[in-house]
């Protein structure tokens with residue numbers, strides 16, 4: 001049934017839309033996190049420029065046995081230690097990070113935490129730490145003693161609502177709507193295109209090579225013609241299907257449901273399910289067939305309750321029943 005098939009494709013479209021949004025949201029989170037990581041590194045540089053306005057005298061007499069950490073890394077660690085003493089909660093870094101995010105058009109909340117010597121100071125609340133997305137931490141190291149590490153951890157709040165306001169979701173939604181429109185058009189077009197099935201296939205099979213009708217008239221399904229000794233009527237493919245279906249039916253009667261199933265491959269369980277559009281389409285096809293048969297007085301198509309009947313004036317052939 002056309003409605004059932006349409007419901008199926010609507011469900012498929014909704015599933016595709018959901019999967020596309022899940023994939024899109026994952027890509028959005030990844031790209032946003034990468035951009036925020038770069039922004040945080042820029043914030044660290046601006047923080048250093050703010051606090052370290054003059055050269056800090058660092059004695060480069062490296063007497064430790066640990067050579068795994070370079071002198072440059074140690075210098076950066078000392079700078080961060082100095083900044084940490086000036087601003088233990090890293091409020092300036094937090095505000096700089098938030099401002100740069102806005103400059104990059106990243107509309108989200110953020111905060112920063114700093115861990116040193118097993119102590120963690122954060123500009124965010126414990127609830128925010130649980131809910132927000134942690135970015136890549138920046139670690140400053142002096143030697144192999146991990147307790148001395150200075151770890152700066154940025155957090156941002158990535159929510160589904162942000163993704164729903166993202167322009168790409170309009171492309172995904174528009175694509176799904178376009179897909180559904182195309183499917184609907186295809187179903188409608190297919191429903192209005194008659195197809196022969198195995199029962200009504202028009203081939204060169206001997207059974208259908210020529211079918212006697214009435215008063216010398218014979219149907220040639222493979223050639224789409226009605227013919228007697230002196231006259232010939234050309235039929236369309238659809239008209240041939242209709243006549244063949246009538247001849248195979250009991251008492252040559254076809255209900256609307258029979259025509260929909262045998263001619264158009266649309267199954268209805270009850271006559272009441274056949275909508276007005278289908279009835280109009282069948283009525284138009286019958287009208288064209290009647291016009292083609294107008295010159296044959298022995299063959300007539302009459303309306304019956306919920307369908308039509310093919311009447312043969314003199315001889316009713318029942319070989320196909």
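Before moving on, here are some points about what is shown:
- Contacts under 9 angstrom Cβ, first residue in segment 271-282 being over 15 Å from residue 254 (Cα atoms), partner modelled with pLDDT of 90 or more and assigned to a helix (DSSP H, G or I), 6 or more apart: 273/257
- Qualifying residue in segment 243-252 (condition: outside the structural domain of residue 6 (by TED's automatic domain parsing), modelled with pLDDT under 85 and exposed (fewer than 14 other Cβ atoms within 10 Å of the Cβ)): no
- Summed over segment 131-169, the residues that are at pLDDT 90 or above and part of a helix (DSSP H, G or I) give a count of 1.
- In segment 125-158, the residues that are under 17 Å from residue 101 (Cβ atoms) and either touching a residue at least 40 places away in the same chain (Cβ under 8 Å) or outside the structural domain of residue 77 (by TED's automatic domain parsing) (or both): 133, 135, 136, 138, 152, 153, 154, 155, 156, 157, 158
- Selection of segment 206-220 for residues being modelled with pLDDT under 80, in a loop (DSSP other than H, G, I, E, B) and crowded, with 18+ Cβ neighbours inside 10 Å yields 213, 214.
- Selection within segment 224-242 - over 42 Å from the mean Cα position of the chain (by Cα) and crowded, with 22+ Cβ neighbours inside 10 Å: 226
The values are calculated or read from the model by the stated rules, or taken from the named source; none is laboratory data. Bear in mind that the values here come from a model prediction, so they are computed numbers and not experimental data. Note that we place each Cβ from the backbone using ideal geometry, even for glycine, and neighbour counts take in every protein chain shown.
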